[in-house]
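J.: Here it is, the structure, as structure tokens.
The values are calculated or read from the model by the stated rules, or taken from the named source; none is laboratory data. Small disclaimer: the values here were computed from a predicted structure and weren't measured. All Cβ positions, glycine included, derive from the backbone under ideal geometry; neighbour counts span all protein chains shown. The accessibility values were calculated without ligands, DNA or RNA, using every heavy atom of the protein model including side chains. Shrake-Rupley method; radii C 1.70, N 1.55, O 1.52, S 1.80 Å.
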Amino acid sequence: MLTINENYLKLPGSYLFSDIAKKVAAYQKAHPDREIIRLGIGDVTQPIAPAIVEALHRAVDEMGDAGTFRGYAPDLGYDFLREAIVENDYRAWGCAVEADEIFVSDGAKSDCGNIQEIFGPDCRIAVCDPVYPVYVDSNVMAGRAGTYDPATGKWSRVIYMPCTAENGFVPELPKERPDLIYLCVPNNPTGTALTRDQLAVWVNYANENGAVILYDAAYEAYITEQDVPHSIYEISGARTCAVEFRSFSKKAGFTGLRLGFTVVPKDLTCGGTALHGLWARRHGTKFNGAPYIVQRAGEAVYSAEGKRQVEAQVACYMENARVILQGLKEADCTVFGGVNSPYIWLKTPEGMTSWQFFDFLLENANVVGTPGSGFGPSGEGYFRLTAFGTAENTARAMERMRKVLGRPKSFS
């Protein structure tokens with residue numbers, strides 16, 4: 001008898017950003033004359049850097065020549081890219097990571113969702129609250145989350161670790177013992193980060209309790225403070241308890257190219273079984289490798305010119321973050337993030353829920369952000385803005401927001 005995976009039916013509503021897109025589309029249809037500035041979805045706006053475009057062109061030319069044509073890519077990634085990743089993202093920070101521990105993919109989102117497949121269905125997951133929805137939703141689809149309570153916005157088998165202004169958005173060690181711990185540093189959505197000492201607490205906890213940390217470092221390129229580690233493997237003991245996810249999407253603007261990678265150390269085991277081998281089998285069975293031309297583009301990110309150009313783009317986005325922080329502070333908003341991350345997390349005005357503030361901004365300022373409640377129960381009363389817009393739109397959005405929040409002022 002044909003049946004479906006009924007866990008999909010447990011998911012409440014649709015994906016957060018799909019809901020936002022529908023609301024914005026409806027508003028635009030009703031008000032076609034109004035220009036909407038989008039600071040909601042974390043998509044980049046700057047074009048691919050010239051050094052990377054040149055590498056793409058060279059790779060395309062190779063694919064058009066019988067002598068240099070490439071077919072299926074190695075499912076775990078080309079050596080030229082894996083070696084460049086190790087040299088620049090790990091050895092440069094004193095991390096002991098080898099090229100054969102790098103698994104190249106089409107993006108961190110895919111890997112964050114797929115990694116749960118190599119773990120048992122009874123594993124308990126712990127997530128920061130608020131949280132990037134993919135961590136929870138992918139475990140719901142696998143039947144690992146239990147039942148959903150609409151009144152609380154929580155799943156019965158998910159361990160929630162509240163991250164609030166009261167605890168500085170630093171998750172506290174859970175009272176129940178989890179098997180899998182999702183950490184996103186710098187954090188999406190709050191824009192905050194963990195110091196080296198704070199991260200060491202989690203590494204020690206995971207090793208002591210036999211848990212695995214699933215560490216999403218997609219926003220590593222935006223770290224500005226010295227005491228925030230760029231990789232969890234800068235922390236002693238992390239190789240025996242942590243998997244790390246990385247992305248080229250936000251670092252180098254690859255949202256339209258799709259490229260990322262996951263690090264699974266060979267030291268990491270579960271019940272005597274090496275997770276490295278399990279992920280290699282899953283990766284090789286279900287993935288045919290990222291395209292050759294995109295991996296050559298990834299390699300160019302680490303060239304001298306590529307580094308310079310990518311760093312300049314990141315600096316532009318972080319300047320947008322500064323503009324947003326300054327503008328919101330001048331409007332007497334309570335704001336967080338924006339220092340080690342392209343996300344700014346602000347408290348909604350008194351008496352407004354996250355979605356009410358979304359509607360208010362859309363209607364009165366024609367600015368789109370992301371309601372904090374979409375990231376989990378502790379996100380209620382907060383709102384996320386992204387610094388990935390253009391400099392012009394970012395400044396204009398702040399002018400509009402300052403005006404509707406009662407603080408009109410020119411901004412430059």
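J.: Can you compute the FRET efficiency between Ala151 and Glu83 using 1/(1 + (r/R0)^6), with r the Cβ-Cβ distance and R0 = 35 Å? Round to the nearest 0.05.
T.: 0.10
J.: Of all trypsin sites (Lys or Arg not before Pro) in the range 165-242, which ones are in loop regions per DSSP and have a Cβ with at most 14 other Cβ atoms within 10 Å?
T.: On the way: sites: Lys175, Arg196, Arg239; in loops: Lys175.
Hits after loop and neighbour filter: Lys175.
J.: Restricting attention to the range 10-58, which trypsin sites (Lys or Arg not before Pro) occupy a DSSP loop and are surrounded by at most 16 other Cβ atoms within 10 Å? Please report the intermediate quantities before stating the final value.
T.: Numbers: sites: Lys10, Lys22, Lys23, Lys29, Arg34, Arg38, Arg58; in loops: Arg34.
Listed in order of number, the matching sites are Arg34.
J.: Alpha carbon centre of the range 313-386 versus the range 1-58: separation in Å?
T.: Going from one Cα centre to the other spans 18 Å.
J.: Right, next: Per 0.36 nm of contour for each residue apart, how much would the distance between Cys316 and Arg70 grow if the chain were fully extended, relative to their Cα-Cα spacing? Can you show the working numbers first?
T.: On the way: separation 246, 0.36 × 246 = 88.56 nm, distance 3.57 nm.
Extra length available between Cys316 and Arg70 comes to 85.0 nm.
J.: Can you list the GluC sites (Glu not before Pro) in the range 203-257 that are in a DSSP coil and have 11 or fewer other beta carbons within 10 angstrom?
T.: Hits after loop and neighbour filter: Glu225.
J.: About its Cα centre, what dipole magnitude does the range 51-303 give when the only charges are +1 on Lys and Arg Cβ and -1 on Asp and Glu Cβ, stated in debye to the nearest 20? Display every interim value, and only then the final one.
T.: Details: 22 positive and 33 negative charges, 112 e Å.
Its charge dipole is roughly 540 debye.
J.: Of Leu385, Ala211, Pro74, whose Cα points farthest to the positive end of the dipole of the chain (charges on the beta-carbon: +1 Lys, Arg; -1 Asp, Glu; origin at the Cα centre)?
T.: The residue sitting most towards the positive pole is Leu385.
J.: Among Lys175/Lys347; Lys251/Lys347; Lys23/Lys154; Lys109/Lys154; Lys347/Lys403, which pairs are too far apart, with a Cα-Cα distance over 20 Å?
T.: Lys175/Lys347; Lys251/Lys347; Lys23/Lys154; Lys109/Lys154
J.: Using a Gaussian network model on the chain with a 10 Å cutoff between Cα atoms, which of Ala297, Ala218, Ala26 fluctuates the most?
T.: Largest GNM mean-square fluctuation: Ala26.
J.: Determine the relative contact order of the range 51-303: mean sequence separation of Cα pairs under 8 Å and six or more apart, normalised by residue count, in whole percent.
T.: Relative contact order, the range 51-303: 27 percent.
J.: Need one number: nm distance between label points at Met63 and Ile4, each 7 Å from Cα along Cα→Cβ, rounded to one decimal.
T.: 3.5
J.: Expected output is a single nm value to one decimal: the length gained when fully extending between Val404 and Asp332, i.e. 0.36 nm times separation in residues minus the C-alpha distance. What is it?
T.: Numbers: separation 72, 0.36 × 72 = 25.92 nm, distance 1.22 nm.
Taking Val404 through Asp332 to full extension adds about 24.7 nm, to one decimal.
J.: Between Asp19 and Glu208, what is the label-point separation in nm under the 7 Å Cα-to-beta-carbon projection?
T.: 3.7
J.: Quickly estimate the mean residue ellipticity at 222 nm for the chain, helices only: each DSSP H run with n ≥ 4 gives -39500 (n - 2.57), and the total goes over all residues, rounded to 500. Let's see the in-between values first.
T.: Working: 13 runs with 148 residues, N = 412.
Roughly -11000 deg cm²/dmol at 222 nm, from the helical runs in the chain.
J.: Okay, next question. Once phi is turned into ³J(HN,Hα) by the Karplus curve 6.51 cos²θ - 1.76 cosθ + 1.60 with θ = phi - 60°, what whole-Hz value does each residue of the range 151-165 show in order, with x for glycine and proline?
T.: 3J(HN,Hα) across the range 151-165, in whole Hz: 5, 9, x, 10, 9, 5, 9, 9, 8, 9, 10, x, 10, 10, 4.
J.: Something else: Each label point is 7 Å from the Cα along the Cα-to-Cβ direction; what then is the distance between the points at Met141 and Arg177, in nm?
T.: Calculated label separation equals 3.1 nm.
J.: Could you point to the residue in Cys112, Ala96, Ala142 farthest towards the positive end of the range 91-164's charge dipole, with +1 and -1 charges on the Cβ of Lys/Arg and Asp/Glu respectively?
T.: After comparing all options, I get Ala142.
J.: Report the residue, chosen from Glu380, Glu305, Glu319, that carries the largest GNM mean-square fluctuation when the chain is represented by alpha-carbon nodes joined by springs under 10 Å.
T.: Greatest mean-square fluctuation among the candidates belongs to Glu305.
J.: Please report the carbon-and-sulfur percent of the accessible area for the chain; probe 1.4 Å, protein heavy atoms only, DNA, RNA and ligands left out.
T.: Solvent-exposed carbon and sulfur of the chain make up 52 percent of the total.
J.: About its Cα centre, how strong a charge dipole does the range 271-345 have in debye, to the nearest 20, once Lys and Arg get +1 and Asp and Glu get -1 at the Cβ?
T.: Dipole about the Cα centre, nearest 20: 500 debye.
J.: Would you please classify the overall shape of the range 304-344 from the alpha carbon gyration tensor, given that a ≥ b ≥ c denote the square roots of the eigenvalues, rounded means a/c under 1.5, and beyond that prolate means a/b larger than b/c while oblate covers the rest?
T.: Prolate, since a/c reaches 1.5 and a/b exceeds b/c.
J.: Which of the three applies to the range 239-279, rounded, prolate or oblate, going by the alpha-carbon gyration tensor with a ≥ b ≥ c and a/c under 1.5 meaning rounded?
T.: It is prolate, given that a/c is not under 1.5 and a/b is the larger ratio.
J.: Quick one: work out the % antiparallel among DSSP beta bridges in the range 51-303, nearest 5. Walk me through the numbers before you get to the answer.
T.: On the way: 12 of 29 bridges.
If I count the DSSP bridges inside the range 51-303, around 40 percent turn out antiparallel.
J.: Take the chain, connect every pair of alpha-carbon atoms lying under 10 Å apart with a spring to form a Gaussian network, then pick out the residue of Leu11, Leu385, Leu194 with the largest mean-square fluctuation.
T.: Leu11
J.: Turning to a different aspect of this structure: Positive end of the dipole of the chain, charges at C-beta (+1 Lys, Arg; -1 Asp, Glu), about the Cα centre: which of Ser231, Leu328, Pro349 has its Cα farthest in that direction?
T.: Of the listed residues, the answer is Pro349.
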